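Notes to accompany the following structure.
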Amino acid sequence: MTDRSSSTARWAVVSIFALASTLNYLDRQILAAAAPLIKDEFHLDSAGYGWLVAAFSISYALGSPFAGWFLDRVGVELGMVWSVAMWSLTSAFTGISRGLASLVGARIFLGGWESAGVPAAGKLNAVYLPPKNRAIGAAMTQIGLAIGGVLSPLLVRWLPGWRQPFFVCAALGLLWIPVWLLARRAVPPWAQVAPQRQKGQLKLLRDPLLIIIAVANMFWMGIYTLWSNWTTLYLVQNFNLTVGEVAAFAWFPPVASVLGGFTGGWISQRAMLRGMPAVEARNRAILISAFGCVATLLAPLCPTPFWATLAIAVSYFWGVAGSVNLYTLPVDIWGGERSGIAISTLVFAYGVLQTGISPLIGIAADRVGFTPVCWLVGLAPFIAWLLLRRARGRTLATD
């Protein structure tokens, strides 16, 4: 199973899985793209919108350990069928919500099921890709995220209302399931990763090394949280744009995130091809990316929406370049068998971060603007890298 044709087929499976990431992210980004419309309909200020994001985030965080355990126990094929089916139905429910309470309820339920997306991607990469290609595999998933980020403002702009895009997303999710089943069963994996049904899987959650990586992820993902949820409101508030006008700029950052994901994967892959151990190569790529994240500080200084969006795109580029390596670390350290629960711990940390920071971003936006937020999230990746250096030392000590 090492010939060119089987390798191409395995990349095809990874590409099909990236479509699920598109739908996962599209669900979330429709809310961000329609944020001004939703704020007007439900009479919310920016802080109120922040609490709406937090409702999704807390269930995303709390659901992630169960999602990781579920994926390890039943396998990535069945686990993703259930997850995509449930989040698609919840997306439709979001579209039919008529009050703020039902909208919040839909976002809470959506967060729980969508928390399976990232650990499933990491587990799939362990099944279909060798170690040197796994960060590139994570970047393939980022293509799906970028497509979702590009499509969401366009759907909100083209369709008559902010609810209709959720129905489109639900239909696409249900159509994806049979395509995934056919591809998954037709293509042999690079490595067999059997479902883990023995007791004690959750003991990994107490591993100090995993806790360090999860805390590092909280410091790293502030950039991701900021631009994935607040770009539209940032441009509307700072430059008095309409939702339709924002769509002309909003595609920059998602496209940059794709390029950043492949760049981050290429940096670590190149180091590994030169003989560097996988974990050390990831850390080198993360340090380089941390320096690139300093571009976040430039966004509030830009005089036009074009330059501001360009600064956001550069920030997003390096944020994703680091994150594809950070989220690959658990697979390098604990292997594919326990990658679901390991990566879900990082997802939990991200959900906790987004739950806590989203209302604070909204309060800052209402009172002092986005400048202090950009400074905080732009410099935090260096703290993440320092924590990961400790993780690297502990990993090498136990190898």
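All of the numbers you see were taken from the coordinates with simple rules; none came from a lab. Note that the structure is predicted; figures quoted are calculated from it, not measured. Note that each Cβ is placed from the backbone with ideal geometry, even for glycine, and that neighbours are counted across all protein chains shown.
Classification of the stretch 227-332 by its C-alpha gyration tensor yields a prolate form. The axis ratio a/c (a ≥ b ≥ c) is 1.5 or more, and a/b outweighs b/c. Between SER6 and GLN164, the simple spin-label model (points 7 angstrom out along Cα→Cβ) gives 4.8 nm. Each stretch of four or more DSSP H residues adds -39500 (n - 2.57); spread over every residue of the chain, this sum gives -27500 deg cm²/dmol at 222 nm. Applying 1/(1 + (r/R0)^6) with R0 = 45 Å to the Cβ-Cβ distance of LEU37 and ILE211, what FRET efficiency is obtained, to the nearest 0.05? Taking R0 as 45 Å, the efficiency between LEU37 and ILE211 is 0.65. Could you work out the pair-distance distribution P(r) of the stretch 25-89 from its alpha-carbon pairs, with 5 angstrom bin width and percents rounded to whole numbers? Taking every Cα pair in the stretch 25-89, the percentages come to 4, 14, 19, 20, 15, 11, 8, 5, 2.
Mean separation of Cα pairs under 8 Å and 6 or more residues apart, divided by the residue count, gives the stretch 265-399 a relative contact order of 31 percent. A simple spin-label model places pseudo-atoms 7 Å from Cα toward Cβ; at GLU280 and TRP307 they are separated by 4.3 nm.
Normalising by residue count, the stretch 48-168 has a Cα convex hull of 111 Å³ per residue.
For volume of the Cα convex hull per residue in Å³, several values are listed as (1) 143; (2) 158; (3) 123; flag the one computed from this structure. Read-out taken from this structure: (3). If you wrap the tightest convex hull around every Cα atom of the stretch 108-169 and split its volume per residue, you get 90 Å³. Classify the stretch 297-379 as rounded, prolate or oblate from the Cα gyration tensor: take a ≥ b ≥ c as the square roots of its eigenvalues, call it rounded if a/c is under 1.5, otherwise prolate when a/b beats b/c and oblate if not. Cα axes put the stretch 297-379 in the oblate bin. Shown here for the stretch 235-307: trypsin sites (Lys or Arg not before Pro) in loop regions (DSSP other than H, G, I, E, B) with at most 10 other Cβ atoms within 10 Å, namely ARG274. Computed from the alpha carbon positions, the gyration tensor of the stretch 87-142 leads to an equivalent ellipsoid with semi-axes of 33, 9, 8 Å, biggest first.
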